[in-house]
Amino acid sequence: QTKPLASVLKDVCDAWSLPNAERYALQYVDGRQTFITESNRGEIKNGSILRLTTSPDQEAERLYSGIQSNNSDVKTDSLKKLASLSQDVTFAQEFISRNGLKQIFHIVEEGNDTGEMLAHTLKAFMELMDHDFVSWETLSATFIKKIVSYVNMNAVDAAVQQLSLSILENMVPTSRLLFELVKKEVTLDRLLTHLQVTNAQLQLKAMALLIALLLAATDAERRDMMDYLREKNIRQFIHKNIIHSSEPLGDEMAHYLYVLQSVSLNLCERRMRTSMDPYSQEQRELLQSLRQTAFESESEAPASAFSTERRRSLCAKEFRKLGFMNNSNPAEDLRRAPPGLLALDNMVYFSRHTPNAYSRFVLENSSREDKHECPFARSSIQLTLILCEILHVGEPCSETAQAFYPMFFGQDHFFEELFCICIQLVNKTWKEMRATQEDFDKVLQVVREQITRTLSLKPTSLELFKTRVNALNYSEILKLRQTERLHQEETLAVPVLELRERLKPELLELIRQQRLLHLCEGTLFRKISSRRRQDKLWYCRLSPNQKVLHYGDVEEGVHSPPIESLPEKIPVADMKMLLVGKECPHTKEKSSGKQNKDVLELAFSIVYDVEEYCLNFIAPTRYEFCLWTDGLNVLLGKEMTSERTQTDLDVLLSMELKLRLLDLENISIPDTPPPIPKPPSNLNFCYDFSHAEQ
């Protein structure tokens, strides 16, 4: 490592009597087969196997002429080699500097081939663009039109269509101009056709492009696109053919469905952030329709029969019965945004689509004695706010989340229908709690808990949600709370606290062992690039003797590769420290763009070796993050600091204490030990065994 790379190469070439050492380079045999350069030579580990190969500039030169060959076999082979070599940054630089992209554009723009050769060309193009040496905005209109034509044609190889969709997906976020071009050329109808194919990869890439278009659109464009997709029944199609297909749902598709759900729900944001305008005729009519639907039978006498004053007092009385706080001017209740007009929309939807349930709710409560009635309007406004918070309405999409609700795709007007179920739940819970106006916040807190607990079970349809949320009544919630409280609370007597402290070191050692065993089993990590979600995976595990960390790239579908198949390693003795969150180099690199909170919470890095290299991780889940950071801290001889350590310790302590205190059930433990009695004046009461034997 102390010699310049050129002289190392010269020594190797001399040993094998090879002239022109500058034409050769070293390259890893395993993994991604990267070329060794002065900038990355420090990453070579002891035990890495390198091969002598043609240098990247020679390779680039050879392939540059190879892809211009008139012999189609030579051309196809060159493009195939180009597609695999382009993953390497050194080669990509050499090839691009020879104006190689121009040749690729030429092959695509001029060629009529739609088979294997084109697939290799597009793959090479994608890999070269991935290094960010060239801006997507430099692409010619002819090239883009050609890529679009592969998406729009039917008789094209599936691999070509997948790559074309990927290229367009990467183009869309880079500039407004490219977004408009792709949106105009690739119609939503065409994307929906691709979504309906049986080829899962093609389906996934079509969904990726659709999501990229939705995210890059302005609010108005997004609204129009979502309306069009709704007309085309995309929701029913996704529910039937993607969520309930025989194939399990992949992580990437789950993420796209989450984004689609998030974008759909965010269409409510505008109404949610708009306060009611008391001077708007349309909004006033909506408000009056609530009153009329509820009390039309009571006020059958013609309005003209009453004086203005009388009519006003009658309206105020009816608005009070509806549960508005400000009954003389109910619009005031809807001035708070959020939930703004969204609460009014929900109330009107409930009154029009389930008029019987609406009338029953209002009339039942207006006839109750004053202090026990459940205020419909006040509850609706608060419930709308709670639903917006639970469903994250108005929040930007996370870049990694996959938590979508299957029932969202099983129902039109999801938000309004969910509201209709939950507002009836409010009334039911109100009665179960025998609540008065003072208990309003307490009731809504219970309702929030009922909704979140039921949603966490991921019901597949709103009907199932309704059944489960109604089964989770107030007494069930109390039982659950009681159980959870018992789990958390320990007997706080002084002797018990002393026992706790004595047990701690032993249990912490147990947790340490568990963390190290988890590291020995290893974990599959995903590489996330700054520009697109990538499905490149790598695996890391600790050797059984806990002396070396082994890691390396793996293929999709490999769950626990043997330790021998992981080429890279870091001796534990070389590890210097552990960095988490914002301190990690790979999160600092990306801080220029929109910082991704999810990734920040899951990122950690190991600093190792004299040169202080870093191995960067992004944990698949918070649980894995805790186990890995704890395990690495144990290896570094430091304290385990994750929140998981505390919860695990609490659980183990709680179990151990319960076992130790089993015999003391129902016996109150005094805070101070009882006094020790004085010794007796003589010990004659002792039994003398020697006499008994005689």
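For a quick check of your reading of the model, give me the residue pairs whose first member lies in the range 390-402 and is assigned by the TED database to the domain that holds Arg453 and open to solvent by 70 Å² or more (accessible area, probe 1.4 Å), whose second is in a loop (DSSP other than H, G, I, E, B) and of a type in the set (S, T, N, Q), with beta-carbon atoms closer than 7 Å and at least 6 apart or on different chains.
Close Cβ pairs satisfying both conditions: Glu399/Asn596.
Name the residues in the range 241-294 that are open to solvent by less than 60 Å² (accessible area, probe 1.4 Å), among the aromatic types (Phe, Trp, Tyr) and free of Cβ contacts under 8 Å to residues at least 60 places away in the same chain, would you?
The answer is Tyr256, and nothing else.
Restricting to the range 313-352, give me the number of residues that are surrounded by 19 or more Cβ atoms within 10 Å (Cβ to Cβ), over 25 Å from Arg368 (Cβ atoms) and at pLDDT 85 or above.
The number of residues fulfilling the criteria is 5.
Looking at (1) modelled with pLDDT under 90; (2) over 20 Å from Asp30 (Cβ atoms); (3) touching a Phe, Trp or Tyr at 6+ places or on another chain (Cβ under 9 Å), which one does Asn596 not meet, given that it meets all the others?
The failed condition is (3).
I'm told Phe91 meets every condition in (1) in contact with a Pro (Cβ under 7 Å, 6 or more places away or on another chain); (2) part of a loop (DSSP other than H, G, I, E, B); (3) among the hydrophobic types (A, V, I, L, M, F, W, C) except one. Can you identify the failing condition by its number?
(2)
Looking at the range 549-658, what strands (runs of 3 or more DSSP E) fall wholly within it and have at least 3 residues that are under 30 Å from Glu399 (Cα atoms) and either open to solvent by less than 50 Å² (accessible area, probe 1.4 Å) or in contact with a Pro (Cβ under 7 Å, 6 or more places away or on another chain) (or both)?
In the range 549-658, 603-608, 613-618 are the strands (runs of 3 or more DSSP E) which contain 3 or more residues that are under 30 Å from Glu399 (Cα atoms) and either open to solvent by less than 50 Å² (accessible area, probe 1.4 Å) or in contact with a Pro (Cβ under 7 Å, 6 or more places away or on another chain) (or both).
Keeping to the range 128-151, report how many residues are over 30 Å from the mean Cα position of the chain (by Cα) and crowded, with 16+ Cβ neighbours inside 10 Å.
So the count comes out to 7.
Can you name every one of the helices (runs of 4 or more DSSP H) wholly within the range 187-272 that holds 1 or more residues which are among the basic types (Lys, Arg) and farther than 25 Å from Val348 by Cβ?
Result: 188-195, 200-216.
Suppose we filter the range 345-402 for residues that are of a type outside the set (D, E, K, R), within 30 Å of Ala208 (Cβ to Cβ) and out of contact with any Phe, Trp or Tyr (no Cβ under 6 Å at 6 or more places or on another chain); how many remain?
11
Condition check: part of a loop (DSSP other than H, G, I, E, B), surrounded by 12 or more Cβ atoms within 10 Å (Cβ to Cβ) and without any contact (Cβ under 8 Å) to a residue 60 or more places away in the chain. Does Gln33 satisfy that?
So Gln33 fits the description; yes.
The values are calculated or read from the model by the stated rules, or taken from the named source; none is laboratory data. Quantities reported herein were computed from a predicted structural model and do not represent experimental measurements. In this analysis, Cβ positions are derived from the backbone assuming ideal geometry, glycine residues included, and neighbour counts consider all displayed protein chains. For the accessible areas, the whole protein counts, side chains as well, though only heavy atoms, and no ligand, DNA or RNA atoms are used. Shrake-Rupley method; radii C 1.70, N 1.55, O 1.52, S 1.80 Å.
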